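As structure tokens, the structure follows; a few thoughts come after it.
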Amino acid sequence: MNMVKSRLMSRSTLSSTIIGVIPQESKDDQEDDMSSLHSIGTAAVVVQVTGTNWPRPSYTLLVTGLCRFKMETLLQESPYLVASVTQLDKLSEDFDEFTKKHGGDLDNLADNFREQAGKLVDMLDISIPVVAKLKKMLENLPSQHLPDICAAIVKASYAEKIQVLDAVDLNERFKKALPLLMRQIEGLTLLQKARKDRVGVEIVARKKGDPFGRPGNMKRALNKISTDFDDDDDADSDEINDLEQKIKSAHMPEHALKAVMKEIKRLKKMPQQMPEHAMIRNYLELMSELPWSKSSKDILDIEQARRDLDVDHYGLEKLKKRVLEYFAIRQLKNSLKGPILCFVGPPGVGKTSIGRSIAQTLGREFHRISLGGVCDQSDIRGHRRTYIGSMPGRIIHGIRLVGTNNPVFLLDEVDKLGKSLHGDPAAALLEVLDPEQNHTFTDHYLNVPFDLSQVLFIATANNMATIPAALLDRMELIQIPGYTQEEKCNIATRHLISKQFKEHGLTAEQLQIPVDSTKMIISKYTREAGVRNLERKIGAVCRAVAVRVAEGMSKSKQEKRETPKSEEKKQVINNSLPENLSQDATTMAHPPEMPICIDEAAIKDILGPPQFESEVSQRLVQPGVAVGLAWTVMGGEIMFVEATRMDGEGKLILTGQLGDVMKESANLAMNWVRANAKKLTFGNGKSLLAGKDIHIHFPAGAVGKDGPSAGVTIATVLVSLFSGQLVRSDTAMTGEITLRGLVLPVGGIKEKVLGAHRAGIRRVILPKRNMKDLYEIPNNVKGEMSFIFASQLEDVLNAAFDNGFPALPMEDVTPSKL
């Protein structure tokens with residue numbers, strides 16, 4: 001059908017809009033073929049628009065017919081059809097007026113038609129609600145509408161329905177529709193007789209002991225009834241049968257097959273025009289396409305897996321060790337459930353790329369799901385099929401895309417899930433990431449369990465603090481703290497430089513970046529835990545060189561175009577010169593410029609002046625300044641703490657956008673210094689704040705700071721301020737303090753040590769109970785740094801000042817060193 005006035009209109013535009021509905025001349029004609037439009041159509045008003053957008057747009061319009069019209073001229077084809085029409089019958093006209101025009105024959109014909117229509121309805125099952133409504137409607141329906149209504153509900157061919165539509169005269173319309181009604185009554189009569197014969201034959205067969213007796217009358221009767229049925233129903237039936245065969249070949253578990261076959265039966269009984277028909281069909285297509293029993297075969301060569309991981313990624317030894325352990329156990333036991341791994345680390349350290357490498361090494365399909373900003377639990381569990389436009393969740397959708405039931409799923413940015421009125425997606429993930437539950441994961445759209453136990457789930461996060469405790473408990477955490485300068489240099493040499501060469505169309509014959517230049521870019525132009533900024537800087541160098549190369553190629557082409565014009569002149573000059581001089585002149589005219597080697601001067605010219613310079617020695621030139629260590633989601637960083645004393649009322653002023661925990665640490669440090677003032681030779685504790693204010697500032701005030709690990713740094717700064725001694729410029733420190741002066745352990749030691757190493761600090765004071773955390777620090781970093789372990793604040797002060805703090809006896813307090 002083509003709608004003359006409302007093709008490509010929105011739902012809101014179509015609602016309560018009068019449109020024209022025109023059929024094709026033949027049902028085989030293409031819908032977009034305007035030449036095949038029938039001349040007579042029906043004016044109708046749109047009552048309701050229903051349908052779905054997934055997996056393909058499919059809409060159904062519920063309209064009420066008003067009158068017939070004839071299309072005179074087609075005025076517009078795009079974006080929708082517009083035509084001039086002529087009305088053929090009136091919208092509302094009493095039947096008495098028709099009978100006055102046509103005489104008593106029309107009245108007799110209408111009475112006969114109503115009698116046959118009532119007979120047809122009486123043959124149907126009145127317990128069905130639709131049949132009951134139809135019977136009630138026919139009793140109150142005006143006689144002039146009977147042919148149109150009955151022609152729509154009986155089985156008739158496309159051509160027969162067109163004939164009823166073309167019958168503008170009511171007398172002729174009754175005569176066209178009555179044979180269709182009589183044929184339907186005859187077919188139902190034969191069907192009921194065949195059913196009675198079948199029951200009688202089965203009873204006789206049981207009495208004779210023949211359970212296989214089957215009459216052929218019913219089949220012949222059904223064939224006779226269906227002879228004149230519309231071919232559309234046959235085509236739809238064929239598609240449903242194909243879908244049923246596809247479902248049977250999907251090897252579903254018994255519970256899923258039972259649910260699907262129930263929906264198949266509903267689909268067969270449902271008219272194609274109903275909105276729910278498309279929804280059930282989409283559901284069945286999804287169920288048939290899911291890999292219920294299709295798995296990819298794992299590649300379990302451990303040595304090859306080790307080589308592949310080493311080639312793809314440098315470092316990350318702890319992560320590679322865990323993956324190889326899974327390979328080994330999987331080789332020994334085929335039924336191993338997939339582990340739930342969570343890679344936690346700053347951005348740019350390779351969390352996502354290592355997941356893709358694991359999938360390639362295993363020989364499995366890989367699918368990435370970005371969870372950043374997801375705040376609807378339906379994204380995980382799917383929508384219920386009672387809603388228009390419902391669809392499965394991202395888990396089932398990903399399973400459908402990869403086509404196997406054991407892929408590698410990467411749940412990216414799991415720490416950035418949101419929460420809204422639509423539910424908590426983190427809570428929905430609890431079932432997905434629980435090995436004891438995910439073998440019966442139930443998506444709301446499927447409404448049947450699907451086995452996810454063979455899926456290898458890998459989650460990535462930057463910050464564990466934002467992950468709910470219940471979800472964190474279900475995952476095996478693997479920390480990726482960041483790379484050292486040596487590791488970054490190796491990554492750049494092995495991967496980043498060649499990748500940027502390929503992206504910018506350069507070769508090693510055109511550009512060379514020595515190791516020293518790479519180290520300069522790492523140390524003076526990037527200061528990060530990952531390698532993303534390093535890759536950007538290398539890309540900037542490649543772009544600058546690409547401009548030089550392109551300019552050289554343009555000059556070369558221009559010289560080639562000018563060569564034929566000056567060939568004779570150059571030949572005369574060369575003949576007049578000695579042979580060796582002629583060759584030298586040619587060489588001097590075209591000096592070799594390739595490859596372009598990037599040195600320190602070239603880096604400064606391309607990237608500008610260095611962005612990061614060591615400022616530790618410049619900041620620690622006066623008392624009251626010390627260097628602390630902080631953990632951030634971007635990795636470890638150094639943090640300067642400054643203090644000064646001024647005239648005032650004895651207040652402690654704290655600035656730098658500090659959290660409550662850090663403010664408490666500052667008050668602890670201040671009170672400890674006051675309590676130990678005599679021991680530190682500061683005199684009376686009251687005199688420290690008598691008429692003076694103490695201001696402690698943490699630079700980079702735009703960045704929020706919190707945590708207890710700055711306690712030892714604040715105490716050292718205050719002691720330096722009151723004593724007038726400088727803190728060592730090569731030393732950084734971290735640790736929590738108590739009111740009695742104990743130094744307690746803190747977290748993020750590896751990130752903090754690597755951050756100090758990137759900043760050029762080679763001496764770090766740590767809590768003694770954090771000595772075990774040095775095991776994870778690379779040996780090359782430990783070899784370049786010295787570590788002092790303190791259990792009390794006196795240990796920290798003796799290590800923070802040159803030759804120890806004079807007021808504290810060195811023989812009483814001796815910090816541990818490494």
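Taken as a whole, region 645-662 holds no residue that is more than 17 Å from GLY624 (Cβ to Cβ), out of contact with any Lys or Arg (no Cβ under 9 Å at 6 or more places or on another chain), surrounded by 12 or more Cβ atoms within 10 Å (Cβ to Cβ) and without any contact (Cβ under 8 Å) to a residue 24 or more places away in the chain. Here LEU511 clears all of (1) surrounded by fewer than 19 Cβ atoms within 10 Å (Cβ to Cβ); (2) more than 30 Å from the chain's Cα centre (by Cα); (3) modelled with pLDDT under 90 except the condition numbered (1). Considering region 712-738, the residues that are in contact with a Leu (Cβ under 7 Å, 6 or more places away or on another chain), assigned to a loop (DSSP other than H, G, I, E, B) and at pLDDT below 90 include one that is least open to solvent (accessible area, probe 1.4 Å), namely SER729.
Does GLY711 meet the test of being within 21 Å of ALA675 (Cβ to Cβ) and among the small types (Gly, Ala, Ser)?
Against the criterion (within 21 Å of ALA675 (Cβ to Cβ) and among the small types (Gly, Ala, Ser)), GLY711 qualifies.
Is it the case that region 537-548 has a residue that's within 18 Å of PRO346 (Cα to Cα) and assigned to a helix (DSSP H, G or I)? No; the residues of region 537-548 include none that is within 18 Å of PRO346 (Cα to Cα) and assigned to a helix (DSSP H, G or I).
Determine, yes or no, whether LYS262 is modelled with pLDDT under 85 and exposed (fewer than 13 other Cβ atoms within 10 Å of the Cβ). Judged against the criteria, LYS262 is not a match. Hey, does region 674-693 have a residue that's β-branched (Val, Ile, Thr) and closer than 16 Å to ALA626 by Cα? Within region 674-693, not a single residue is β-branched (Val, Ile, Thr) and closer than 16 Å to ALA626 by Cα.
Considering only region 310-328, how many residues are part of a loop (DSSP other than H, G, I, E, B) and either free of Cβ contacts under 8 Å to residues at least 24 places away in the same chain or closer than 14 Å to THR361 by Cβ (or both)?
Summing the residues that are part of a loop (DSSP other than H, G, I, E, B) and either free of Cβ contacts under 8 Å to residues at least 24 places away in the same chain or closer than 14 Å to THR361 by Cβ (or both) in region 310-328 gives 2.
The C-beta contact set for region 74-98 (first residue at negative phi and among the polar types (S, T, N, Q), second residue open to solvent by 80 Å² or more (accessible area, probe 1.4 Å) and modelled with pLDDT of 85 or more, distance under 9 angstrom, 6+ apart or interchain) comprises SER84/GLU72; SER84/LEU75; THR86/LYS70; THR86/GLU72; GLN87/LYS70.
Number of residues in region 755-785 that are exposed (fewer than 15 other Cβ atoms within 10 Å of the Cβ) and not basic (Lys, Arg): the value is 6. Considering region 128-174, and only residues there that are over 15 Å from ASP89 (Cβ atoms) and among the polar types (S, T, N, Q), the residue that is surrounded by the fewest Cβ atoms within 10 Å (Cβ to Cβ) turns out to be ASN140. Residues in region 382-412 that are at pLDDT below 90, open to solvent by 40 Å² or more (accessible area, probe 1.4 Å) and not β-branched (Val, Ile, Thr): HIS383, ARG384, ARG385, TYR387, MET391. Go through the residues of region 378-398 one by one and say whether even a single one is in contact with a helix residue (DSSP H, G or I) (Cβ under 6 Å, 6 or more places away or on another chain), of a type in the set (Asp, Glu), over 23 Å from THR466 (Cβ atoms) and in contact (Cβ under 8 Å) with a residue 24 or more places away in the chain. For region 378-398, residues in contact with a helix residue (DSSP H, G or I) (Cβ under 6 Å, 6 or more places away or on another chain), of a type in the set (Asp, Glu), over 23 Å from THR466 (Cβ atoms) and in contact (Cβ under 8 Å) with a residue 24 or more places away in the chain: absent.
Restricting attention to region 665-711, and to residues there that are part of a helix (DSSP H, G or I) and modelled with pLDDT under 85, which single residue is surrounded by the fewest Cβ atoms within 10 Å (Cβ to Cβ)? Full working, then the answer.
Our first condition is that a residue be part of a helix (DSSP H, G or I); within region 665-711, this holds for 665-675, 685-689, 711.
In the following step, the residues that additionally are modelled with pLDDT under 85 were identified as 685-689.
Values: GLY685: 16, LYS686: 10, SER687: 12, LEU688: 20, LEU689: 17.
Checking each candidate, the answer is LYS686.
So, restricting to helices (runs of 4 or more DSSP H) that lie completely within region 408-517, which ones have at least 3 residues that are under 18 Å from SER378 (Cβ atoms)? First the steps, then the outcome.
Numbers: elements: 425-432, 469-473, 485-491, 497-504.
Qualifying helices (runs of 4 or more DSSP H): 425-432.
Only a single item in (1) open to solvent by 10 Å² or more (accessible area, probe 1.4 Å); (2) more than 20 Å from ASP599 (Cβ to Cβ); (3) small (Gly, Ala, Ser) is not met by GLY530, and it is number (1).
Would you confirm, using the coordinates I've provided, whether ASP434 is closer than 30 Å to ALA259 by Cα, touching a Pro at 6+ places or on another chain (Cβ under 9 Å) and charged (D, E, K, R)? Reasoning before the result, please.
On the way: closer than 30 Å to ALA259 by Cα: yes; touching a Pro at 6+ places or on another chain (Cβ under 9 Å): no; charged (D, E, K, R): yes.
Taking the combined requirement at face value, the residue does not satisfy it.
This table checks each residue for (1) touching a Leu at 6+ places or on another chain (Cβ under 7 Å); (2) in a loop (DSSP other than H, G, I, E, B); (3) without any contact (Cβ under 8 Å) to a residue 12 or more places away in the chain.
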{"position": "HIS255", "(1), (2), (3)": "no, no, no"}
{"position": "LYS265", "(1), (2), (3)": "no, no, yes"}
{"position": "ILE280", "(1), (2), (3)": "yes, no, no"}
{"position": "TRP292", "(1), (2), (3)": "no, yes, no"}
{"position": "GLU303", "(1), (2), (3)": "no, no, yes"}
{"position": "ASP308", "(1), (2), (3)": "no, no, no"}
{"position": "ARG330", "(1), (2), (3)": "yes, no, no"}
{"position": "LEU341", "(1), (2), (3)": "no, no, no"}
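The values are calculated or read from the model by the stated rules, or taken from the named source; none is laboratory data. Just so you know, these numbers come straight off a predicted model, no measurement behind them. When we count neighbours, we look across all protein chains shown, and the Cβ atoms used for this are built from the backbone with ideal geometry, even at glycine. Just the protein is used for accessible areas: all its heavy atoms, side chains included, with ligands, DNA and RNA removed. Shrake-Rupley method; radii C 1.70, N 1.55, O 1.52, S 1.80 Å.
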